[in-house]
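Working notes, beginning with the structure itself.
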Amino acid sequence: MQHIARNFITRGISQNALLISALGVRSLSTAASSSPVSRAIVYSANGPASSVLKVVSYKLAPLTPKTVYLKFLAAPINPSDINTIEGSYPIQVKLRNLEKEGAEEEQHDKVKYVKKGRITEENGLVAVCGNEGVAEVIEVGSEVKNIKKGEWVIMRRSGFGTWRTYAAAFADDLIPIDCTSISPIVASTISVNPCTAYRMLKDFVKLKEGDCIVQNGANSAVGQMVIQLAKFWGLTSINIVRERSNYNEVVQHLRSLGATYVIPDTMLTTPSSLSQFVSSLPPSTNAVLGLNCVSGPIATHMCKLLSPSATVVTYGAMSLQPIRLAASLLIFKDFRFVGFWMTRWYKEMEAKGGNDRKEMLEELLDMFRTGKINVPQYDVVKWGQEESEEEALNTVSNILKKRTKMNAKKQIFSMV
């Protein structure tokens with residue numbers, strides 16, 4: 001992390017202060033004195049997060065009639081965030097001059113969007129990390145009608161940049177949510193993992209109470225949400241996890257969430273153990289849906305637990321290996337293999353119109369309020385404008401190091 005910029009502007013920034021000179025951002029002398037000063041984690045070129053991230057501070061552009069000021073409350077670190085920084089995630093990334101973010105001209109043609117893996121150094125342009133998070137609206141432009149001061153909002157699209165303390169935004173980029181009895185942690189993580197689990201259980205097979213779903217990577221954040229939703233909807237779940245040093249602890253945790261069965265991945269390649277497990281299942285077990293986030297051999301072996309005409313939904317490739325399928329799975333068992341990407345679903349629903357997204361969010365938030373589901377295990381990382389330069393640098397560095405450790409919990413930035 002030695003390359004993370006060390007000379008960012010401190011909290012005592014003057015009105016005429018500059019952003020980090022290496023980023024080529026012009027003077028902020030035109031900013032209104034009331035504009036908040038934001039701290040952000042940014043990058044200007046794709047590469048390993050340990051070498052391309054910078055910590056910067058900047059003053060928000062003056063509020064316009066069409067913009068709002070946001071104070072971020074929390075933002076998680078998802079695998080897709082790291083992939084985006086590295087350039088391996090297929091979303092369009094917004095590069096911007098931070099002093100102009102939210103200015104009138106930015107809404108039209110002054111923002112550069114860069115497709116997967118193509119971000120190179122651009123004079124004065126940076127991308128703010130983070131695709132998911134929750135913010136409080138602290139100021140509203142005079143022409144903004146659908147966003148109110150004091151409301152909590154989440155981002156409508158990926159690539160907004162949530163790893164920061166404040167932002168200026170157009171109302172169309174935001175979705176207000178009902179924050180009644182909802183914590184910032186829940187709100188900041190609502191739009192990716194819970195929604196992914198929800199849609200996969202709703203959209204591919206018409207599941208009925210008593211049906212069985214099988215998933216690998218069951219200890220992932222999505223996997224834990226799948227377990228909880230399956231229990232709430234009366235579904236049986238068979239959950240596959242890696243056989244690791246804390247396997248018994250993982251099993252106990254997943255069962256506490258509502259997992260019906262938890263088995264090690266090694267069982268799938270041990271015929272006697274697999275046969276014994278299958279024989280122990282009730283004769284009525286109808287495993288009609290498989291969820292795959294690992295891919296590689298484990299995805300193929302998982303099919304041994306599925307009933308004929310089952311559907312397998314792939315939404316990840318944690319093993320970085322392809323899925324190899326025997327023709328017999330298609331010919332004799334009539335399996336159906338499909339893919340799912342939450343970002344694509346959001347784009348399709350936005351083009352289609354309607355209330356599908358709103359209704360899904362409301363239903364999930366109500367489940368959290370009533371304790372029917374809970375956020376998967378996580379660690380909160382305090383991050384914002386109170387740290388010294390060295391502390392902010394070390395915080396980011398330590399988080400990235402922790403993410404590489406096996407069994408690490410989800411990390412969530414807290415700005416409050």
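The values are calculated or read from the model by the stated rules, or taken from the named source; none is laboratory data. None of these values were measured; they are calculated from a predicted model. Here the Cβ is made from the backbone with ideal geometry for all residues, glycine too, and neighbour counts use every protein chain on show. Note: areas computed on protein heavy atoms with side chains; ligands, DNA, RNA excluded. Shrake-Rupley method; radii C 1.70, N 1.55, O 1.52, S 1.80 Å.
Return the FRET efficiency for the residue pair PHE332, SER142: r is the Cβ-Cβ distance, R0 is 51 Å, and the value is rounded to the nearest 0.05. Calculated value: 0.20.
With both labels modelled 7 Å from their Cα along Cα-to-Cβ, the GLU386 to SER272 distance reads 5.8 nm.
Give me the accessible area per residue for the stretch 163-241, probe 1.4 Å, as a whole number in Å².
Working: 2230 Å² over 79 residues.
Value for the stretch 163-241: 28 Å² per residue.
For the stretch 160-247, the fraction of 1.4 Å probe accessible surface lying on carbon and sulfur atoms is 49 percent.
The fraction of accessible area contributed by carbon and sulfur in the stretch 316-367 is 56 percent, rounded to a whole number (1.4 Å probe; ligands and nucleic acids excluded). Rolling a 1.4 Å probe over the heavy atoms of the protein chains gives the stretch 336-396 an accessible area of 56 Å² per residue. A 1.4 Å probe run over the protein chains yields, for the stretch 285-325, 40 Å² of accessible area per residue, whole-number rounding.
Size estimate for the stretch 274-416 follows the Kirkwood approach: the inverse of mean 1/r over distinct Cα pairs works out to 19.5 Å.
What ranking of ASP366, ASP81 comes out by heavy-atom accessible area, probe 1.4 Å, highest first? Present the calculation step by step, with values, prior to reporting the outcome.
Working: ASP366 75, ASP81 5 Å².
Per-residue accessible area, sorted high to low, gives ASP366, ASP81.
The Cα atoms of the stretch 194-293 give a gyration tensor whose axes a ≥ b ≥ c have a/c of 1.5 or more with a/b no greater than b/c, which makes the shape oblate. Ordering CYS179, CYS303 by accessible surface, largest first, gives CYS179, CYS303; the 1.4 Å probe counts only protein heavy atoms, with every chain in place.
The phi-based Karplus calculation (6.51 cos²θ - 1.76 cosθ + 1.60; θ = phi - 60°) puts the 3J(HN,Hα) values of the stretch 344-351 at 5, 4, 4, 4, 5, 5, 5, 5 Hz, whole numbers, x for Gly and Pro. Ranked by the mean number of other Cβ atoms within 10 Å per residue, highest first, peptides 183-193, 148-158 order as 183-193, 148-158. Ordering 249-257, 34-42 by mean Cβ neighbour count within 10 Å, with the highest value first, yields 34-42, 249-257.
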